[in-house]
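Q: Okay, handing you the structure first.
The values are calculated or read from the model by the stated rules, or taken from the named source; none is laboratory data. Bear in mind the structure is a predicted one, so any value in this text is a computation, not a measurement. Glycine gets a Cβ as well: all are built from the backbone with ideal geometry, and neighbour counts include every protein chain shown. Heavy atoms of the whole protein, side chains included, go into the accessibility calculation; ligands, DNA and RNA do not. Shrake-Rupley method; radii C 1.70, N 1.55, O 1.52, S 1.80 Å.
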Amino acid sequence: MTNAQLLTGHVLTFSDDPFVVPWTDAVRIEEDSAVLIENGRITAIGADAMARGADATRHDYPGHLICPGFVDAHAHYPQTAIIASWGKRLIDWLNTYTFPEEMRFGDPAYAQATSERYLDLLLDHGTTSVASFCTIHPESVDALFTAAAYRNMAVVAGKTCMDRNAPDGLRDTAQSAYDDSKALLQRWHGIGRARYAITPRFSPTSTEDQLAALGALWAEHPDALMQTHLSEQVDEIEWVRGLYPTARDYLDTYEVHGLLGARGLYGHAIHLEPREIDRLREVEGGLVHCPTSNTFIGSGLFDLMGLTSQGLRAGLATDTGGGSSFSMLRSMAAAYEIAQLRGVAVHAAQLLWLATAGSARVLHRQDEIGQIAPGLAADLCVLNLASTPAIAQRHARADDVWDAIFPTIMMGDDRAVADVWVAGQRRT
């Protein structure tokens, strides 16, 4: 059995969506189990893995949780260096921190260095896949995809397009946004593990001509993704109303220009109108919950349980650098806290789904990542469930395996990540 790897420990698997069926019927942890990896893919689980992997190289993780690598469904890698900057709401955040930093990404060397640092930070925190906005500079897209290919990570990215309400040097045009995005899409989409997302930042920074051009590009390449922002803050929504006076609502500014669809990723989506909810459900668009960002810049409380109960699909994200952590564990903890403020206690099984299979589904990569199942890529995160003294003392009092996992979700960070595997290769 050449290059086969056998990982032993507690193994997390999903059989269904725990926001649709009871989590007890959808999520399972098989204690003292195993995962067999061959040629970069998972080939067996449990007793079958133990039997077939008798001659494999063995990696034992006693008491640890082997779970899918985390999937961060919305981030801004160019904001890596400005994460945790003080005191701003959305519009001021963009003008004070984001736009000055993004100006630097026309320098390929700077873009490359930031890409390398960012992806290594993700891997340190157990994240093996991400969907990221880049900047208006094609160099920023090339840098991220190049760095991801070197690490064999499954990454979604796209050139951010803006032709108004942005500084000189950070604006393109409707035509150049179309041309640059098309060239980048043709260069990267479907090459190795790279997938392209057409990326209007949000309606306030795009004219109707630019949104229409990007909608036309998506119609020409319907297998690509489209990522943007939607209804993040109430003052942003008022701004959109002023810029698009004939639109029925915020979502309509995308819809009328061909930017609403199943392969669309709509970040934040906090303050949705009933029509917007109905349309997103009808087209099966993907919502992306960004909890640490929503609290850090004061955006509001995403209605996770309410929206999923109405049939909408949701993933989870850090939204760095508006989000205040690179850790999907911290994002899970913040999602729990926000749901508590809305009167609902989200179960650990549901949080883990959001950070893995749920995010993979909104990225339309569920056949490759986000679960531990035969045939899928061996992108795995191994969590030490007693990684710090504070977590260990709580873990020691656990009544069952879920009670043992929850303290790591709430208090864990990169110290909880014992190992990361990407496409069957152990990160060293």
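Q: Residues that are without any contact (Cβ under 8 Å) to a residue 40 or more places away in the chain and either polar (S, T, N, Q) or in contact with a strand residue (DSSP E or B) (Cβ under 8 Å, 6 or more places away or on another chain) (or both): does segment 351-359 have at least one?
A: no
Q: Determine, yes or no, whether Asp168 is over 15 Å from Val141 (Cα atoms), modelled with pLDDT under 95 and either surrounded by 19 or more Cβ atoms within 10 Å (Cβ to Cβ) or out of contact with any Phe, Trp or Tyr (no Cβ under 9 Å at 6 or more places or on another chain) (or both).
A: Against the criterion (over 15 Å from Val141 (Cα atoms), modelled with pLDDT under 95 and either surrounded by 19 or more Cβ atoms within 10 Å (Cβ to Cβ) or out of contact with any Phe, Trp or Tyr (no Cβ under 9 Å at 6 or more places or on another chain) (or both)), Asp168 qualifies.
Q: Scan segment 1-33 residue by residue and report those that are more than 16 Å from Leu383 (Cβ to Cβ), open to solvent by less than 80 Å² (accessible area, probe 1.4 Å) and among the small types (Gly, Ala, Ser).
A: Ala4, Ala26 - these are the residues of segment 1-33 that are more than 16 Å from Leu383 (Cβ to Cβ), open to solvent by less than 80 Å² (accessible area, probe 1.4 Å) and among the small types (Gly, Ala, Ser).
Q: How many residues are farther than 14 Å from Leu260 by Cβ, assigned to a helix (DSSP H, G or I) and of a type in the set (A, V, I, L, M, F, W, C) if we restrict to segment 184-213?
A: Residues that pass the stated criteria total 4.
Q: List the pairs whose first member sits in segment 389-402 and is free of Cβ contacts under 8 Å to residues at least 40 places away in the same chain and under 14 Å from Gly63 (Cα atoms), whose second member is surrounded by 13 or more Cβ atoms within 10 Å (Cβ to Cβ) and small (Gly, Ala, Ser), and whose Cβ atoms are under 6 Å apart, counting only residues at least 6 apart or on separate chains?
A: Ala392/Ala386; His395/Ala386; His395/Ala404; Ala398/Ala404
Q: Checking the structure you have, find out if any residue of segment 214-230 is at pLDDT 95 or above, part of a helix (DSSP H, G or I), under 29 Å from Ser129 (Cβ atoms) and of a type in the set (Asp, Glu).
A: Yes: segment 214-230 contains one or more residues that are at pLDDT 95 or above, part of a helix (DSSP H, G or I), under 29 Å from Ser129 (Cβ atoms) and of a type in the set (Asp, Glu).
Q: Given the options Thr207, Thr246, name the one that is of a type in the set (Val, Ile, Thr) and touching an Asp or Glu at 6+ places or on another chain (Cβ under 7 Å).
A: Answer to the check: Thr207.
Q: So which residues in segment 206-245 are open to solvent by 10 Å² or more (accessible area, probe 1.4 Å), under 28 Å from Phe296 (Cα atoms) and in contact with a Leu (Cβ under 8 Å, 6 or more places away or on another chain)?
A: Correct list: Asp235 only.
Q: Quick one: in segment 325-350, which of the residues that are among the polar types (S, T, N, Q) and buried (at least 17 other Cβ atoms within 10 Å of the Cβ) is farthest from Phe19 (Cα to Cα)?
A: Ser325
Q: Could you please let me know if Ile391 is in a helix (DSSP H, G or I), modelled with pLDDT of 95 or more and open to solvent by less than 20 Å² (accessible area, probe 1.4 Å)?
A: Yes: the conditions hold for Ile391.
Q: Which of the residues belonging to segment 251-287 are open to solvent by less than 10 Å² (accessible area, probe 1.4 Å) and under 21 Å from Ile297 (Cα atoms)?
A: Leu265, Tyr266, Gly267, His268, Ala269, Leu287
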